[in-house]
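This report concerns only the one structure given below.
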Amino acid sequence: MPNAPVIGTTRPAEVVARENGLTIGNARKLFATPEGGVVKALDGVSLQIRDGEFFVMLGPSGCGKTTLLRAIAGLEVLDSGEIYLGRDRIDSLPAYARPVNTVFQSYALFPHLTVAQNIAFGLQMERLPKPEIAARVEEMMALVRLDGLGGRLPSQLSGGQQQRVALARALAKRPRVLLLDEPLAALDLKLRRGMQDELRRLQRTTGVTFVFVTHDQEEALSLGDRIAVFSNGVPVQVGTAEEIYEQPVNRFVADFIGESNFLAAEINDDGDFRVADGPWRELSEPVLPAMDGTVTLAVRPERLVVDGTAPELVRGALAEVVYMGTDLRIRVSLADGTSLAIRVSPPFEQLHLTPGAEVVVGAEPSHLHPLAGER
Amino acid sequence: MSEPNRGRTPGRLPWFASLPALVIGALFTIGPLAVIVAFSFMTRPAQGGGVVYQFTTDAYRTSLFTKSFNGDLVFNSAYLEVFWRSVVQATISTAICFVLAFPLALWIATRTPRVQNLLVLAVTIPFWTNLLVRTYAWMLVLAKDGVINQASRALGLGEHELLYTDLASQLGLIYTFLPFMVLPLYSSLSGFDFRLAEAGYDLGAHKFTVLRRIILPMARPGIISGSLLVFMPALGSYVQPVLLGGGKVLLIGNLIASQFGDSRNWPFGAALSVIILALLGLCLLGVGLWARRTGTKVSLSL
Ligand SMILES: Nc1ncnc2c1ncn2[C@@H]1O[C@H](COP(=O)(O)OP(=O)(O)O)[C@@H](O)[C@H]1O
Ligand SMILES: [Mg+2]
């Protein structure tokens with residue numbers, strides 16, 4: 001009974017997502033390597049992507065992002081697991097029957113067809129009447145700002161323009177979900193920034209669910225309504241940019257997203273902690289220390305201070321000061337040989353930093369994140 | 001004081017270094033052609049065979065007209081028919097070669113690189129032995145007591161007339177020229193980016209549509225060079241129509257051969273060769289113009 005009336009007034013987000021969004025349940029995929037081994041490209045992926053959101057899948061190269069995207073598109077068959085679009089199971093459908101379209105990393109534009117013919121291709125497959133196809137092609141070219149280039153061949157376009165054609169071709173089909181596999185990776189930095197804004201605008205105006213794959217954390221943070229951080233074939237954390245940046249669940253996420261210092265802290269029987277020979281301090285949240293009574297604290301470089309405006313954490317010797325224009329990058333060596341990265345925002349004229357001098361490094365308790373399950 | 005560098009590129013040999021290549025080219029390609037063209041404008045000696053060094057266009061006239069007994073030129077379509085039959089046979093060979101070669105080339109092009117190399121090597125195996133020997137092998141297969149008829153008799157299906165038929169001749173042509181279709185098709189398909197096919201599926205195209213609308217258009221250079229490489233030699237083929245077809249139907253190939261043999265009319269044989277040459281040249285010119293207009297790259301190589 002797919003259209004059974006739904007009782008109740010307010011429903012939890014997960015329920016809504018399950019009814020309208022894209023749900024991936026325990027997806028697994030193994031590949032045989034040429035060397036005779038196997039790679040777990042997808043190692044039990046479960047995700048709930050909401051209808052109409054800009055969802056980013058972030059992870060280092062080789063962690064299975066492309067494989068998952070191809071599985072959603074129907075270009076790869078899962079070993080096990082389920083994919084639902086709303087309440088319809090789609091993982092048994094062939095690629096051409098899924099209401100999902102892809103913007104390929106290589107763009108995969110048909111080189112023998114013009115821009116307009118490329119965009120029209122998918123509509124011709126739906127056997128739409130010719131005038132409607134022509135109208136839709138016009139509309140799409142205006143949407144991605146390619147007006148007047150309909151007669152060009154892909155080889156006569158710049159990389160950024162080809163990218164727009166690929167977008168227009170996929171969006172012309174009015175998919176329920178648009179899959180984008182590192183679409184900006186081939187563009188230079190300036191063009192990439194422009195296209196990021198463009199993608200956000202397209203997503204807002206069309207309301208199509210975007211599933212965007214990238215290995216660039218900055219891109220992920222700036223684009224995603226929600227981000228899934230992948231490692232070795234599984235999403236290790238799913239959340240908003242802020243959640244992922246401010247509350248990384250483990251060392252991998254803290255390290256991969258932005259820059260982090262990892263401090264080994266000792267914990268005593270009162271539940272207080274200290275770093276190296278620093279003062280004993282109270283923890284902001286209770287943690288379970290590892291067997292040897294230590295815990296790893298993650299702290300962002302910009303959350304550490306050297307001007308005494310936050311409670312002391314540890315003392316060390318100033319090893320290096322690098323002037324970066326928008327900020328100062330400082331390295332402080334601790335007694336135990338480890339070093340801390342600190343970023344100081346302007347104004348830093350009042351700071352008198354002499355290399356070799358002792359500095360007091362401070363941090364607010366709320367900015368120290370104990371990492372689960374790690375020493 | 002810098003001396004102007006007279007267009008000399010370091011590491012480049014002077015012009016006369018290409019002399020050997022030019023001489024070889026002239027000797028082996030232009031030389032024989034020049035002889036044929038010259039012979040076609042010469043006079044046939046009264047007793048036939050050889051040529052008399054005297055200019056005439058008689059040989060060309062012979063292809064369309066015969067002298068009636070009172071000396072008038074009368075239109076004669078006999079040689080046109082020979083020509084037409086040859087074109088039809090070559091066209092059929094080309095079409096069937098394409099139908100057979102395309103799936104094969106596509107299959108090869110989708111294997112792993114190592115397997116591809118092995119399969120391409122396998123396609124060229126026929127080139128390792130002489131064409132005549134291979135044609136005789138077909139005669140043994142198709143003969144009255146050949147492999148096929150023996151099998152057919154053993155199965156109680158009786159005996160069939162296979163050798164010395166049009167079918168055998170056609171079969172021989174297809175067999176001989178198939179690799180010339182497979183190899184160019186393969187080389188245009190092996191460069192095909194199969195992610196484009198995936199993009200096709202993703203946009204809602206079924207397998208056959210992807211084949212027709214994406215793979216086939218992009219294999220066009222291979223289709224054209226393969227077709228030319230089959231059509232041109234098939235048009236003037238001699239061995240297969242004579243040995244397998246029994247020489248029962250007159251085709252251009254054996255018509256020309258007979259002019260230098262039994263009929264002893266060298267100028268006419270030469271003229272026929274020049275006519276074929278001119279027609280194929282026109283054909284190539286047409287393809288070339290079309291390729292230029294559509295921006296298709298066509299190369300005549302395997
Ligand atoms: N067709 C394939 N055959 C063998 N191994 C593959 C294949 N596709 C992907 N892999 C392997 O699966 C893992 C995940 O690949 P992929 O999904 O492309 O990662 P990502 O897109 O995150 O870089 C990698 O180790 C990769 O080598
Ligand atoms: Mg990838």
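For this structure, a couple of remarks:
- Taking all pairs of distinct alpha-carbon atoms in the protein assembly as shown, Kirkwood radius in angstrom: 32.6
- Considering only A:Pro347, A:Pro183, A:Pro365, the Gaussian network model of chain A with Cα springs below 10 Å gives its largest mean-square fluctuation to A:Pro347.
- For the chain pair B and A, buried accessible area totals roughly 1800 Å², probe 1.4 Å, rounded to the nearest 100.
- Of the accessible area of region B:22-294, computed with a 1.4 Å probe over protein heavy atoms only, carbon and sulfur atoms account for 70 percent.
- Straight-line cross-link reach from B:Lys144 at under 27 Å between alpha-carbon atoms covers these lysines, not counting any fewer than eight positions away in the same chain: B:Lys248.
- Whichever lysines have a C-alpha closer than 22 Å to that of A:Lys190, once near sequence neighbours (fewer than 8 apart) are set aside: none
- Rounded to the nearest whole angstrom, the semi-axes of the ellipsoid equivalent to chain A, taken from the Cα gyration tensor as √(5λ), stand at 46, 26, 18, largest first.
- When its C-alpha radius of gyration is set against 2.2 N^0.38 Å (N residues), region A:257-319 gives a value of 1.16.
- Whole-number Å³ per residue for the convex hull built on Cα positions in region B:22-294: 212
- The distance separating the Cα centre of region B:43-83 from that of region A:310-355 comes to 103 Å.
- Cα centroid separation - region A:39-81 against region A:165-227, whole Å: 16
- Compactness check for region B:1-120: Cα Rg over 2.2 N^0.38 Å is 1.95.
- Principal axis box of region A:42-101, alpha-carbon based, largest edge first, Å: 31, 27, 20
- Residue-averaged beta-carbon neighbours from other chains (10 angstrom radius) around A:115-121: 2
- Part-to-part distance (alpha-carbon centres) for region B:178-213 and region B:24-39, which is given in Å: 41
- Residues of type lysines that A:Lys173 reaches as a straight line, Cα spacing below 20 Å, ignoring anything fewer than 8 places off in the same chain: A:Lys130, B:Lys207
- Computed over region A:259-371, the convex hull of the alpha-carbon atoms projects to a mean area of 6.9 nm².
- Heavy atoms of the protein chains alone define the surface here; on that basis region A:259-371 has 53 Å² accessible area per residue at 1.4 Å probe size.
- Beta bridges assigned by DSSP with both partners in chain A are antiparallel in approximately 75 percent of cases.
- Portion, in percent, of the accessible area of region A:259-371 that falls on carbon or sulfur, probe 1.4 Å: 51
The values are calculated or read from the model by the stated rules, or taken from the named source; none is laboratory data. Since we're looking at a predicted model, the values are computed, not measured. Methodologically, a virtual Cβ is constructed for each residue, glycine included, from the backbone with ideal geometry; neighbour enumeration extends over all protein chains shown. Heads up: the accessible areas ignore ligands, DNA and RNA and are worked out on the full protein's heavy atoms, side chains in. Shrake-Rupley method; radii C 1.70, N 1.55, O 1.52, S 1.80 Å.
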